[in-house]
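Below is one structure; the comments refer to it alone.
The values are calculated or read from the model by the stated rules, or taken from the named source; none is laboratory data. Every value quoted in this text rests on a predicted model; they were computed, and no experiment measured them. Counting neighbours? That spans all protein chains shown, and the Cβs are built from the backbone with ideal geometry, glycine included.
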Amino acid sequence: MGLISEITNLINEHGSSTILRERVMLLVQKLDNAEKENIRLKQELTDAKAKIRDQDQELKAWREKEQFTEFRGALFKREQSGHYGKTAYCVVCRTPMWSIDFFPYECSRCGFQADFSKKDMDNVFNELLQRHD
């Protein structure tokens, strides 16, 4: 509070010290209150940012959960248009699975297999649409 000390000395040197000293003390008190309010607001801002970060994570998890539908041992992703894509996703790691004709869809990452193959996809997809659209 070097500035306040300098102002106080200036007042004492130039008279009217009693009245001006009261004003300086009022300024000191207001400055102290402002500093306390600043500390409180900074903490409030930090808390609000942490809460927003947590809610963003919750929202992301909810959206990810909501965009997939499990059906016949695979996940199907709902596109932004609201329709399902024809790609089968792994229920374990949520990555696209692959299939060759009669072989069941399989996840190349974890080895999980769905209970249908590429040749069954049209029927499975039509069933999915009937049940979930």
message: Checking S108 against (1) part of a loop (DSSP other than H, G, I, E, B); (2) farther than 28 Å from W62 by Cβ; (3) polar (S, T, N, Q), only one condition comes out false. Which one?
response: (2)
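The rows are residues; the columns are (1) in contact (Cβ under 8 Å) with a residue 24 or more places away in the chain; (2) closer than 25 Å to D122 by Cβ; (3) not assigned by TED's automatic domain parsing to the domain that holds F116.
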| position | (1), (2), (3) |
| --- | --- |
| R40 | no, no, yes |
| L45 | no, no, yes |
| K51 | no, no, yes |
| D54 | no, no, yes |
| K60 | no, no, yes |
| R72 | yes, yes, no |
| R78 | no, yes, no |
task: Please tell me if V124 is modelled with pLDDT of 85 or more and assigned to a loop (DSSP other than H, G, I, E, B).
output: no
query: So which residues in region 94-107 are surrounded by 12 or more Cβ atoms within 10 Å (Cβ to Cβ) and either over 28 Å from the mean Cα position of the chain (by Cα) or at negative phi (or both)?
result: T95, P96, M97, W98, S99, F103, P104, Y105, E106, C107
- prompt: Hey, does region 45-67 have a residue that's over 27 Å from the mean Cα position of the chain (by Cα) and either of a type outside the set (V, I, T) or closer than 26 Å to R131 by Cβ (or both)?
  reply: no
- prompt: Looking at A34, is it touching a helix residue (DSSP H, G or I) at 6+ places or on another chain (Cβ under 8 Å) and among the hydrophobic types (A, V, I, L, M, F, W, C)?
  reply: no
